[in-house]
Amino acid sequence: MSVPMTRGVLFVHSAPTALCPHIEWAIGSVVEDRTDLTWAPQSAAPGMYRAEVHWSAPQGTGAQLASALRGWAHLRYEVTEEPSQGVDGSRWSHTPELGIFHATTDSAGNIMVGEDRIRFAYEQGTGDPAAVYHELSLALGEAWDEELEPFRHATEGAPVRWLHQVG
């Protein structure tokens, strides 16, 4: 029986030097292969480094990567997993200050907010538009986007590496 495959990208937006080999080890444990990332200085955070890796592996690898990196102080990262056979796409964003955020994405990478989450926002708002706005902002991960945006721009032109896992 073949395992459905998908693709994605792991963006390590900023990591201290001492953490870089541990990140490579964590990624390698998920994709079951040694990873040697190309680290570049992160201009948005002097003293920090960034790396980017594109991957092709079985469905669920994005969640495994996000989990493997979760909880390390001073680490900013994003993982995306493209939609694949019978499965929506996903995006995980992590910052030291905010922790981890997960969202389901469509084929264009847009965050999809479900009916239950929208109903929750209405219920929390109880007639206060500012409260509804706040809840929808949380559902869209706007705080993570605001914090990560300077780091995303600093990665333009960064070297890219591909990892393949045959499941």
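The values are calculated or read from the model by the stated rules, or taken from the named source; none is laboratory data. Here the structure is a predicted model, which is why all the values come from computation and not from measurement. Here Cβ is always computed from backbone atoms with ideal geometry, including for glycine, and neighbour counts include all displayed protein chains.
Could you tell me how many of the residues in the range 52-71 are touching a residue at least 24 places away in the same chain (Cβ under 8 Å), over 13 Å from the mean Cα position of the chain (by Cα) and over 19 Å from V3 (Cα atoms)?
Final tally of qualifying residues: 0.
Yes or no, residue by residue, for (1) aliphatic (A, V, I, L, M); (2) without any contact (Cβ under 8 Å) to a residue 12 or more places away in the chain; (3) closer than 22 Å to W55 by Cβ:
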{"site": "L75", "(1), (2), (3)": "yes, no, yes"}
{"site": "P83", "(1), (2), (3)": "no, no, yes"}
{"site": "G86", "(1), (2), (3)": "no, no, yes"}
{"site": "E97", "(1), (2), (3)": "no, no, no"}
{"site": "A131", "(1), (2), (3)": "yes, yes, no"}
{"site": "A139", "(1), (2), (3)": "yes, no, no"}
{"site": "E142", "(1), (2), (3)": "no, yes, no"}
{"site": "L148", "(1), (2), (3)": "yes, no, yes"}
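Which of the following residues is in contact with a Phe, Trp or Tyr (Cβ under 8 Å, 6 or more places away or on another chain) and modelled with pLDDT under 95: S107, S56?
S56
Whether any residue in the range 92-110 is surrounded by fewer than 22 Cβ atoms within 10 Å (Cβ to Cβ) and more than 29 Å from E135 (Cα to Cα) is what I want to check.
no
Of the residues G62, G71, only one is crowded, with 22+ Cβ neighbours inside 10 Å, under 23 Å from E32 (Cβ atoms) and not aliphatic (A, V, I, L, M); which?
G62
Please find, among G125, G141, the residue that is surrounded by 14 or more Cβ atoms within 10 Å (Cβ to Cβ) and more than 30 Å from G8 (Cα to Cα).
G125
Would you be able to tell me the number of residues in the range 6-50 that are touching a residue at least 12 places away in the same chain (Cβ under 8 Å), in contact with a Ser or Thr (Cβ under 6 Å, 6 or more places away or on another chain) and closer than 26 Å to V87 by Cβ?
The qualifying residues number 5.
Can S84 be described as at pLDDT 95 or above, closer than 27 Å to I111 by Cβ and surrounded by fewer than 17 Cβ atoms within 10 Å (Cβ to Cβ)?
No.
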